[in-house]
Structure formats: C-alpha cells, structure tokens
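What follows is one structure encoded as structure tokens, with my remarks underneath.
The values are calculated or read from the model by the stated rules, or taken from the named source; none is laboratory data. For clarity, every value in this text was computed on a predicted model and none was experimentally measured. Note that we place each Cβ from the backbone using ideal geometry, even for glycine, and neighbour counts take in every protein chain shown.
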Amino acid sequence: MTRTTNARIAGFTFLFYIAAGIASMVLKGRAHATDVLSLFTSLSALALGVTFYAQHNSRRARQQPETRSRTGRKTQDHHPRSSAGTGQ
C-alpha cells in the first residue's frame, strides 16, 4: 500500500476509535451495546497498529540498506576513491 493509503486508513480508524470509545462511555449501562463498541474499539486499535507498522516499514525500505558481516555486525561500505584526475 502507498503512504497516502496508509495515512487515510489510519486517519479514519483513529476517528472511529475515538467515536467508539466515547459512545461506549455514554452507553455504559447497556451491556450489549458496550460489548459491541468495545469490540469495535479493540479492532480499530489493531488496525491502527498495523497501519503504523506498515508506514514504519515503508520508510525503512526506502532507506539505504545496511550491509552485515557474517558475524551479524553492521559494517560500512568502503569504496576506494579514485586518484585519477587529482594529481596524485
């Protein structure tokens, strides 16, 4: 998914999460309504987590990948500089 799609889903889900939470507090005395709204609140929190995770991973994928040695340690790419044209 694109960043725009993730942002739209996260925005809608966040507003829905707020509305379901407030409605759950207002309808505190009705057990069935509170149970359903609690389920919607939990599912929207899960959807928010998934969209934020996808957004985070899409940023990491655009960054330059790190190289790792066989031992698992991070290493830096060393590129020898060319001395052509520098007068050396």
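If the condition is being more than 17 Å from TYR53 (Cβ to Cβ) and among the aliphatic types (A, V, I, L, M), then segment 1-35 contributes LEU15, ILE18, ALA19, ALA20, ILE22, ALA23, MET25, VAL26, LEU27, ALA31, ALA33. The residues on offer are ALA33, ALA7, and the sole one that is of a type outside the set (Ser, Thr, Tyr) and either in a loop (DSSP other than H, G, I, E, B) or at pLDDT 90 or above (or both) is ALA33.
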